[in-house]
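Written out below as structure tokens is the structure these notes cover.
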Amino acid sequence: MATSYKELLHEITTFFLDVDGVLTDGRMLISESGELLRTMNAKDGYAIKTALHQGFNVCIITGGTNDGVKSRLEGLGVKDVFLNAHDKMPVLLKYAAAHNLNPEQMLYMGDDMPDVEAIEFVGLGTCPQDAIPEVKAVSDYISHKNGGDGCVRDVIEQVLKVQGKWHVAGGKTAQSS
């Protein structure tokens, strides 16, 4: 019998996330000066901050080079933001070794071809609803949310709820069903 992705949530300690198409909807607004502008979902930001506060690792690995993206993520408390990483595996493997992580402890969310190898490597490979077919085919879980529309919140909230670390108003812990 195949393992349900929900059973894998208990072991996760580290979230690896792509940016474009995951934390953003993949669209870029290009200003007259040539600056590329993106939007991120505040609910994803809240989930990232909550995960960090609960002691989880959050590592961003993106092929993008936008310092504004890095600044936003660092403002949320993310210390590990790797820009210009078109080949994601060397960064992921170096980070995993430095933090003594096993694949079962790692969740990766990506949406496009550069993410496939990382999704296949980690214990729980995930993607947004609007990921490309090749990514969906290798993912353990496909969020019901699109990139930039809360897919990161979806996976982080599920992990934290299963582990009893998702807190709601009044300090109560929400459990997943």
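Test of understanding: among Met28, Met40, which residue is out of contact with any Asp or Glu (no Cβ under 7 Å at 6 or more places or on another chain), surrounded by 18 or more Cβ atoms within 10 Å (Cβ to Cβ) and either more than 21 Å from Met113 (Cβ to Cβ) or among the hydrophobic types (A, V, I, L, M, F, W, C) (or both)?
Details: Met28 fails: surrounded by 18 or more Cβ atoms within 10 Å (Cβ to Cβ).
Within the list Met28, Met40, the selection yields Met40.
Here is the figure for the stretch 149-177: residues that are of a type outside the set (D, E, K, R), within 23 Å of Arg38 (Cα to Cα) and either at pLDDT below 95 or in contact with a helix residue (DSSP H, G or I) (Cβ under 8 Å, 6 or more places away or on another chain) (or both) total 4.
Checked against (1) in a helix (DSSP H, G or I); (2) surrounded by fewer than 19 Cβ atoms within 10 Å (Cβ to Cβ), Gly164 meets all criteria but (1).
Selection of helices (runs of 4 or more DSSP H) fully inside the stretch 12-114 by the criterion of at least 3 residues being over 20 Å from Gly147 (Cα atoms), in contact with a strand residue (DSSP E or B) (Cβ under 9 Å, 6 or more places away or on another chain) and of a type outside the set (D, E, K, R) returns 88-98.
Can you tell which of Phe82, Phe15, Phe56 is surrounded by 18 or more Cβ atoms within 10 Å (Cβ to Cβ) and either without any contact (Cβ under 8 Å) to a residue 24 or more places away in the chain or in contact with a Gly (Cβ under 9 Å, 6 or more places away or on another chain) (or both)?
So the residue among Phe82, Phe15, Phe56 that is surrounded by 18 or more Cβ atoms within 10 Å (Cβ to Cβ) and either without any contact (Cβ under 8 Å) to a residue 24 or more places away in the chain or in contact with a Gly (Cβ under 9 Å, 6 or more places away or on another chain) (or both) is Phe82.
Here the condition is being β-branched (Val, Ile, Thr), crowded, with 18+ Cβ neighbours inside 10 Å and farther than 17 Å from Met40 by Cα; of Val152, Val159, it holds for Val159 alone. Gly63: touching a residue at least 12 places away in the same chain (Cβ under 8 Å), among the small types (Gly, Ala, Ser) and more than 23 Å from Ala98 (Cα to Cα), yes or no? Considered against the rule, which asks whether it is touching a residue at least 12 places away in the same chain (Cβ under 8 Å), among the small types (Gly, Ala, Ser) and more than 23 Å from Ala98 (Cα to Cα), Gly63 comes out as no.
Within the stretch 142-161, how many residues turn out to be touching a Cys at 6+ places or on another chain (Cβ under 9 Å) and part of a helix (DSSP H, G or I)? Residues that pass the stated criteria total 1.
The values are calculated or read from the model by the stated rules, or taken from the named source; none is laboratory data. Everything quoted here is computed from the prediction, not taken from an experiment. When we count neighbours, we look across all protein chains shown, and the Cβ atoms used for this are built from the backbone with ideal geometry, even at glycine.
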